[in-house]
Amino acid sequence: MPVSFEPRLIKVQLAAGVDEETLVAAADEATLGLDVTERSRMEQSVAVLNAVYGAPERITALAADLVAHWEARREAMRPFIEVPGKAMIVGVTREVCARLYAEIVKLRPEWHSDELDRGVIKVVYSGDATDLPPVSAHVRRDSENATIKQRLKDPDDELELVIVKDMMLTGYDSPPLHTLYLDRPLKGALLMQTLARVNRTFRGKSDGLLVAYAPLAENPSKALAEYTPTDRENKPVGRNVDEAVALATTLVGQIRALLVGHDWQSAAARGGLKGYIDALLGAVNYLRSPETPGNQVSKSADSLAVRFRSLSGQLSRAWALACGRETLASLLGEIRACEQMRVWMAKFDAQERQDSGQPVPADIQRMLAGLIDTATATGDVLDIYAAAGLPKPSLDDLTPEFFQKAQQAKNPSLAIEALRKLVSEESARTTRNNTIRQRLFSERITELMTKYTNQQLTSAEVISEMLELAQELVKELAQELVKEADRGKQFTPPLSSDELTFYDAVSQNDSAVSVQGEGVLADIARELVAVMRRDVRTDWTVRDDVRAKLRSSIKRLLAKHDYPPDKAPEAIVLVMEQMESMAARYVA
């Protein structure tokens, strides 16, 4: 995984007779450990480093810059990895590490905790009973340091930052670790081994970042000389973050070109949060609408929407690396707006895929994790119906007045999204999560959206047909309530509504019905409800062991009733999907 390099030097004041080579030599001496024969020489080296790198003004400036940089970096990474991730801070001496910790928690006191298993920041280094404050405050037993190391590997643990001197620089892996703050001179093999802490693979993570507060400008490139010609050419480490700055600037220009036919910025400037959100949603509507000229392209060409997804995704990645560079300050507003448009676009894309029965890609799931109805940082919850200019309806509210408002919606594409959301949600609610029956409506919705995307229907025609579908749903569901009760009574003993949903799942295959007969399939359905009552837990959908147990129980149950073996895998998938949609009622 590539590691980019961002120099953010905090100046050091050098005393007479001390130059940078002296500091590098002192840092090398300080890594020798506490061997008795080297103690005197090392203590002199540490004294030099403490005086230069640990100067109070420098520590204050370092802490302030580091906190600001980390808070921007973790938020820029969150859409990709779902969590803030982790960072390691490498200090030049234990005393500098301790002083830096004190200055950081002075700025962010809520990050500190005396408890080993709590706190956002910790310090890890070796020591003994002879150590004095401030170093002694962070000297722990090996078992306690092991606890902190383990916490740094857990993406869901609140620990985000660990300050180290030598420990954990080699032989330690934490996949969520994506940023390395280096405040000491390193070179050669040790530098490369240290950089390897942030190049481990993790969900959604595409690169690591080295932030150099100490003078390292040439060291990453020089260290590459020890690697293969391919590595030296591809530069897996040491790419200057200014490359990401240049890329982000270029991408903003390309996105501007996509939106040249829609002046969203003027609309955003007209006032308030609502005006800003309306402007962003208007841009999303422009990018997604088949009626936009840039979307009327041949099959071999990319539409505006496709190009925006690609460019905004690249911009988000570049920003995650370059968020600490002041040179992008003038573009910050546009970059954030593009990210918010990207999130809205992803929400609509995910809804389309769900409605058509397709899985939502993992990267989209990560980006949307925790984002309910907005990508803004205000905490306000935005309603897609309000964004479309429509009141939030239920199926009973589909009056002529609602029809008229839908046809006159200020954002037709968003009105279509809102109506699709209505039909999907209401069909799920009124069919009591019967996935088989939901698919019938999903297929019809997908057919409408495909015609719209292919410009076979105008937005007004799609809105009209979507409303007709919603009204049809009202009638069909009213009839279904009566039919479902009667259908269950046809079995002996009668099947409940939940048992009927499982019956539908295992009777989808005609050969299973002819071989097994309705009576046997009804028995299977009854036993599946019993399995669900017995095995479903609150966290079962995210626990592989519980899911595996359920799959085994379903497989054994089907085999017990001589269900056709070649049809069993498909039936198991349908049953598991049905259990997921019903689970909330069984664990409540």
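The values are calculated or read from the model by the stated rules, or taken from the named source; none is laboratory data. Keep in mind the model is a prediction, meaning the values are calculated, not measured. Methodologically, a virtual Cβ is constructed for each residue, glycine included, from the backbone with ideal geometry; neighbour enumeration extends over all protein chains shown. Please note that ligands, DNA and RNA were not included when accessible areas were found on the heavy atoms of the full protein model with its side chains. Shrake-Rupley method; radii C 1.70, N 1.55, O 1.52, S 1.80 Å.
When each of GLY379, GLY357, GLY333, GLY324 is tested for being modelled with pLDDT of 85 or more and either under 21 Å from GLU447 (Cα atoms) or of a type outside the set (A, V, I, L, M, F, W, C) (or both), the lone residue that passes is GLY333. Listed conditions (1) at positive phi; (2) crowded, with 19+ Cβ neighbours inside 10 Å; (3) free of Cβ contacts under 8 Å to residues at least 60 places away in the same chain are all met by MET168, apart from (3).
Could you list all residues from segment 491-533 that are open to solvent by 40 Å² or more (accessible area, probe 1.4 Å), under 16 Å from GLN578 (Cα atoms) and either modelled with pLDDT under 90 or among the aliphatic types (A, V, I, L, M) (or both)? Let's see the steps before the verdict.
Initially, segment 491-533 is screened for residues open to solvent by 40 Å² or more (accessible area, probe 1.4 Å), giving 492-494, 496-497, 508, 510-511, 513-515, 518-520, 523, 526-527, 530, 533.
Now drop any that are not under 16 Å from GLN578 (Cα atoms), which leaves 496-497, 508, 526-527, 530, 533.
The answer is SER496, SER497, GLN508, ALA530, ARG533.
Taking the numbered list (1) within 27 Å of ALA322 (Cα to Cα); (2) at pLDDT below 95 in turn, MET167 passes all entries but (1).
Return the residue satisfying two criteria in turn: it lies in segment 152-210 and is among the basic types (Lys, Arg) and part of a loop (DSSP other than H, G, I, E, B), and of such residues it is nearest to VAL105 (Cα to Cα).
Step one: list which residues in segment 152-210 are among the basic types (Lys, Arg), which gives 153, 165, 184, 187, 197, 200, 203, 205.
From what's left, part of a loop (DSSP other than H, G, I, E, B): 165, 184, 187, 200, 203, 205.
On the way: LYS165: 18, ARG184: 21, LYS187: 30, ARG200: 28, ARG203: 30, LYS205: 28 Å.
The qualifying residue nearest to VAL105 (Cα to Cα) is LYS165.
Looking only at residues of segment 541-588 that are open to solvent by 80 Å² or more (accessible area, probe 1.4 Å) and part of a loop (DSSP other than H, G, I, E, B), we find that the one that is modelled with the highest pLDDT is ASP562. Of the numbered criteria (1) over 28 Å from the mean Cα position of the chain (by Cα); (2) open to solvent by 30 Å² or more (accessible area, probe 1.4 Å); (3) among the small types (Gly, Ala, Ser), the one ALA68 fails is (1). Each residue in segment 280-311 was checked for being closer than 14 Å to GLY261 by Cβ, open to solvent by 20 Å² or more (accessible area, probe 1.4 Å) and either in contact with a Cys (Cβ under 7 Å, 6 or more places away or on another chain) or in contact (Cβ under 8 Å) with a residue 12 or more places away in the chain (or both), and 8 of them qualify.
Please go through segment 91-134 and pick out each residue that is among the polar types (S, T, N, Q) and either surrounded by fewer than 18 Cβ atoms within 10 Å (Cβ to Cβ) or within 35 Å of the chain's Cα centre (by Cα) (or both). Steps first, answer last, please.
Initially, segment 91-134 is screened for residues among the polar types (S, T, N, Q), giving 93, 113, 126, 130.
Passing the criteria: SER113, SER126, THR130.
With respect to the stated conditions, SER310 fails to be farther than 30 Å from ARG74 by Cα and either out of contact with any helix residue (DSSP H, G or I) (no Cβ under 9 Å at 6 or more places or on another chain) or polar (S, T, N, Q) (or both). I'm checking my understanding of the structure. Among residues of segment 296-329 that are farther than 15 Å from LEU251 by Cβ and of a type in the set (S, T, N, Q), which one is nearest to the chain's Cα centre (by Cα)? Ranking the qualifying residues of segment 296-329, first place goes to SER303. Please determine whether any residue of segment 170-193 is more than 17 Å from LEU66 (Cα to Cα), under 28 Å from the mean Cα position of the chain (by Cα) and of a type in the set (Lys, Arg). Looking through segment 170-193, none of the residues is more than 17 Å from LEU66 (Cα to Cα), under 28 Å from the mean Cα position of the chain (by Cα) and of a type in the set (Lys, Arg).
Assigned to a strand (DSSP E or B) and in contact with a helix residue (DSSP H, G or I) (Cβ under 9 Å, 6 or more places away or on another chain): which single residue out of LYS122, LYS106 fits that description? Spell out how you get there, then give the answer.
Details: LYS106 fails: assigned to a strand (DSSP E or B).
Sole residue among the options that is assigned to a strand (DSSP E or B) and in contact with a helix residue (DSSP H, G or I) (Cβ under 9 Å, 6 or more places away or on another chain): LYS122.
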